[in-house]
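Have a look at the structure below before the remarks.
The values are calculated or read from the model by the stated rules, or taken from the named source; none is laboratory data. In this text the structure is predicted, and so the values were computed from the model without any measurement. Virtual Cβ from ideal backbone geometry, glycine too; neighbours counted across all protein chains shown.
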Amino acid sequence: MTTSLPLLSILIWLPLLGAVVVLLAGNQRPALARWLALLVASVTLLLSLQLWTGFDSTTAAMQFTELKAWIPVFNVNYHLGVDGFSMPLILLTTIFGVLVIVAGWEVIKDRVHQYMAAFLVLQAALTGVFAALDGLLFYVFFEAMLVPMFLLIGVWGGPNRVYAAVKFFLYTFLGSVFMLIGLIYLYLQSGSFNILEWHDLGLSMTEQKWIFLGMLAAFAVKIPMWPVHTWLPDAHVEAPTGGSIILAAVMLKVGGYGFIRFSLPITPDASNMLDWVVIGLSLIAVVYIGFVALVQTDMKKLIAYSSITHMGFVTLGLFIAFSIFRASPDGFGAAMGVEGAMMQMISHGFISGALFFVVGVLYDRMHSRDIADYGGVANVMPWFTMFAVLFFMANAGLPGTSGFVGEFMVILASFNASIWIAFFATFTLILGAAYNLWLVKRVFFGEVKNENVSRLRDINSREVFILTVLAVAVLTIGLYPQPLLNVMHVSVEHLLQQITQTKII
Amino acid sequence: MNLQDLQIVAPELIVLIMACSLLMLDLFLSPQRRGILHLVSILTMALAAIITLRGHPALEATGTVMAFADTVIRDGMGDLLKVFAYLTMILVFVYSRHYLKQFNMYRGEFYSLAMFALLGAMVLISAANLITVYMGLELMALSLYAMVALKRDDRRSSEAAMKYFILGSMASGFLLYGMSMVYGATGSLQISEISIAAAEQGSDNMILVFGLIFMVVAMAFKFGLVPFHMWVPDLYEGAPAPVVLFISSMPKLAAFAMAIRLLQDGLSSLHHDWQGMLIVVAVLSIVLGNLAALAQQNIKRMLAYSTISHMGFVMLGLLSGTAAGFGASMFYVITYALMSAGAFGVVIFMSSKGVEAENLSDYRGMNQRNPWFAAMFAAFMLSMAGIPVFVGFFAKWLVIQAVVDAGLIWLALLAVVFSVIGGYYYLRVIKIMYFDKAKDETPIQVPSDFRAVLSVNALLMLVLGIFSAPLIAACMAVF
């Protein structure tokens, strides 16, 4: 289905245009910059809702497609479109596009216009990544999002921000250049940069293996997987609250989306052969990083590490399909793994975004992220604590919250593959409960620990707004995930069909 | 010689006439009215561009047209390179004016020497005969030597000039020696005839291959490729900033044309031999250029090493030996000239009186002092680092694609890994401008003409990136 309005283009270009306008507002008029940015982000969000209402969930074909020649000499096209995988992720992006601007409302006092503009550019690039159906266009957006994030961490970040910003940039850059060579190779084989054509392109096993590894380098860094995850805690700790939120909520999903859009359908045979690598790394992330999270003393770091374990579930859910198909040809449970991975991505977006906001609320008041500085916050901030505990519980995978759905589906799916994989994956339930509950106990419960805590004021209406939106999202997805699953179901079936067909020629 | 020939070289004639007129005009102008020289120079460039773009009737029919007993060729590649040469010249003139005024160099010599250098570059671009190649190269080089020495009372400037002159003459010697061997082997100075003779003999003819080696060495020197790069950092540091701006942009276009004329038009049958040589210099340049740039504190030296690595990238497209590869290199060299002009435009302004910035640390907190200026410089740095959607990315993409197409995937891997390493020092500039606090917070005032042109230049980085298709198509079409 195509609409007459180029909706996806508008979702990309409107924030970009907005960024220019916000920049023109200048440093002297921060209020104007804020309202302009909010206006642009809100309009974008409202427009993006059309994606949901106009989406046809009975087909796996790309929808809302746009196709224009971009660099015709090399058959590069401005080719956009969404399916059941990318549509929810774009909505996630536009929702957080508004939330991060509200999150930085009073907190950011220095160079507000540049801050707001950076977020709008980031949002445009993220939307572009999810909407691009052309390999080079995808790469352009993939790289372009680094610059605003780099500036956000570096300009408005914490004391060690330069190190974190440069590390973030170079890590991702290094991963993605290998993917670029993979993309170029695919172009030279197929004569086109069209991703959908690449899905049908026959490739030998050796070619597939190298392309798979090149893409793995890019997406493993982005998502991130152990052992290339070390940039994430640094980036999260130093980034301003808004930066952490968008990084955790949306940017990490680009890695998972990359696996779905590129690695699995383009190199299914190599993925099948090397799935043990990804599964192994995912389990390490789940178990080992879970333990690492347990010992963190910095709240942001703890959430960052918990993000890595949750992303381990995404990669596990995506790649478990291969061993399920090997175990039984009917592939019972494979769809559940992929859908679980998608659910996990969406849910983690809301939960981790909320958690970083929770930490941000505390940090704005106390200027400390150290768990040891807190204690008994519940006594002085009861409303805030209610929200915070909900999100930490969701992070631990409490049934009824969105955190439960994805993890449960992935664990169920992995039972169909191997009891041992499932065994290690279940560790997350124990470890997740441990580090989340322990943090809640130390920060929120108990006696008021010191004077600073006793002087805390409860959340204001702006903060209530953000927390409510996120809480509603977490609970809705947790209690009634069916609509979201419906949207992606056909696309998941299509993907499974693609990965079970050998492409070796 | 007849009128027909003159019509073909009309752009060269205009530049020649105007270069001589500027010399004369300078004598009769009072110092207060030197602005006329500036204006006339820019208008000349615009005029030359119009004449070049109007083309030649024969050009449309056959694609190439020869003049002066087949020693001069006019073709699509040459015209395209020339147009961008004029454009960079305009940038050079605008960026240089304030600096020249402040340092008492605002005289006719700068303009006429720059024009003569351009003329040399144009002759080189249009060369169809080894003698023409040499003539164009020397005309360009001699003008450049004199320009480097313009600040003659300055020790560093004189040292840079001496170094450049001595090494440059040596490179010219190499070139002549190589040419004489090629002549000996093929019996002709005409590039098209050399091509035919070389195809018959192939690489079995030792003298021919030997001549090729010498020519490649001279070419590598002109590009500033490792291991013939020693003059580059010293020249960039010592020479007056406008001259560095000039040397870092326009002559690269000429050097590219020289490589195409000699290697592709002349000795394409020896592709296998020169490919190996170019791989060596390309790898060394990319590796050493990027690594050495990491260690620089002086911004000019940093940019010098970055130029070296960029020229290594240009070689990647050339060495692939395919039409797409040549087009990629041409796109790279054209966009690099614009990129480099802009980056040095910023450096020139920062090193003029009242600012006197030499080191990277002088750019601290630029975003506070002048956000516009910081954003412009950041755009050039990101473009050089090859970050989309800036044009530098598309240039890198094309040359890497050419290399992968040629089956040299290891070379592509090496190139991208080192472009990540290179990314670090470009990011460092951005870090210094945006993340660090300014030492002194006085706002920086930028003259309006400078501001306008620099804005257009930086915007070009973005526009040529987003709408790269026409220029890419033009570059691909001429091979």
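Descriptive notes on the structure:
- Filter result (within 12 Å of chain B (Cβ to nearest Cβ) and either aliphatic (A, V, I, L, M) or in contact with a Ser or Thr (Cβ under 8 Å, 6 or more places away or on another chain) (or both)) within region A:116-131: A:117, A:118, A:121, A:124, A:125, A:129
- Scanning region B:398-455 for residues being in contact (Cβ under 8 Å) with a residue 40 or more places away in the chain, more than 10 Å from chain A (Cβ to nearest Cβ) and hydroxyl-bearing (Ser, Thr, Tyr) gives a total of 4.
- Residue satisfying all of: in region A:96-107; surrounded by 23 or more Cβ atoms within 10 Å (Cβ to Cβ) and either touching a strand residue (DSSP E or B) at 6+ places or on another chain (Cβ under 6 Å) or not aromatic (Phe, Trp, Tyr) (or both); modelled with the lowest pLDDT among these: A:104
- Breaking point among (1) at pLDDT 90 or above; (2) in contact with a strand residue (DSSP E or B) (Cβ under 7 Å, 6 or more places away or on another chain); (3) not β-branched (Val, Ile, Thr), for residue B:358: (1)
- The sole residue among B:381, B:376 that is in a helix (DSSP H, G or I), among the hydrophobic types (A, V, I, L, M, F, W, C) and within 11 Å of chain A (Cβ to nearest Cβ) is B:381.
- Among the residues making up region A:461-504, those that are part of a loop (DSSP other than H, G, I, E, B) and surrounded by 14 or more Cβ atoms within 10 Å (Cβ to Cβ) are A:481, A:503.
- Residue check for residue A:213: surrounded by fewer than 22 Cβ atoms within 10 Å (Cβ to Cβ), closer than 24 Å to residue A:280 by Cα, modelled with pLDDT of 90 or more and not β-branched (Val, Ile, Thr): yes
- Residue selected from region A:189-216 under the condition part of a helix (DSSP H, G or I) and touching a Ser or Thr at 6+ places or on another chain (Cβ under 8 Å), by the criterion nearest to the other protein chains (Cβ to nearest Cβ): A:211
- In this structure, residue A:168 does not qualify as within 9 Å of chain B (Cβ to nearest Cβ), part of a helix (DSSP H, G or I), within 18 Å of residue A:217 (Cβ to Cβ) and in contact with a helix residue (DSSP H, G or I) (Cβ under 9 Å, 6 or more places away or on another chain).
- Taking the listed residues B:140, B:147, B:115, B:135, the one that is in contact with a helix residue (DSSP H, G or I) (Cβ under 8 Å, 6 or more places away or on another chain), surrounded by fewer than 19 Cβ atoms within 10 Å (Cβ to Cβ) and closer than 18 Å to residue B:16 by Cα is B:135, with no other qualifying.
- Per the listing A:138, A:130, A:119, the residue uniquely assigned to a helix (DSSP H, G or I), under 23 Å from residue A:37 (Cβ atoms) and touching a strand residue (DSSP E or B) at 6+ places or on another chain (Cβ under 9 Å) is A:130.
- As for region A:169-187, it holds at least one residue that is crowded, with 24+ Cβ neighbours inside 10 Å and more than 23 Å from residue A:131 (Cβ to Cβ).
- Members of region A:138-162 found to be within 10 Å of chain B (Cβ to nearest Cβ) and over 24 Å from residue A:93 (Cα atoms), listed by number: A:161, A:162
Residue-wise test of (1) basic (Lys, Arg); (2) in a helix (DSSP H, G or I).
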residue	(1), (2)
B:437	yes, no
B:442	no, no
B:445	no, no
B:455	no, yes
B:458	no, yes
B:461	no, yes
B:470	no, yes
B:475	no, yes
B:479	no, no
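- Taking the criterion of being over 20 Å from the mean Cα position of the chain (by Cα) and in a helix (DSSP H, G or I), the residues of region A:380-402 that qualify are A:380, A:382, A:383, A:384, A:385, A:386, A:387, A:388, A:389, A:390.
- Filter result for the condition that a residue is at pLDDT 90 or above, in a helix (DSSP H, G or I) and more than 10 Å from chain B (Cβ to nearest Cβ), over A:186, A:180: A:186
- The single condition among (1) within 14 Å of chain B (Cβ to nearest Cβ); (2) at pLDDT 90 or above that residue A:111 does not satisfy is (2).
- Of residues in region B:461-470 being buried (at least 20 other Cβ atoms within 10 Å of the Cβ) and either over 13 Å from residue B:378 (Cα atoms) or hydroxyl-bearing (Ser, Thr, Tyr) (or both), the one nearest to the other protein chains (Cβ to nearest Cβ): B:468
- Among the candidates A:39, A:24, A:32, A:5, the residue that is within 14 Å of another protein chain (Cβ to nearest Cβ), more than 30 Å from residue A:344 (Cβ to Cβ), among the hydrophobic types (A, V, I, L, M, F, W, C) and surrounded by fewer than 20 Cβ atoms within 10 Å (Cβ to Cβ) is uniquely A:24.
- Where a residue in region A:65-82 is more than 11 Å from chain B (Cβ to nearest Cβ) and without any contact (Cβ under 8 Å) to a residue 24 or more places away in the chain and its partner, wherever it lies, is part of a strand (DSSP E or B) and small (Gly, Ala, Ser), with Cβ under 9 Å and at least six apart: A:67/A:81
- Counting only helices (runs of 4 or more DSSP H) wholly contained in region B:1-111, the ones carrying 1 or more residues that are modelled with pLDDT of 90 or more occupy B:10-28, B:35-54, B:76-102.
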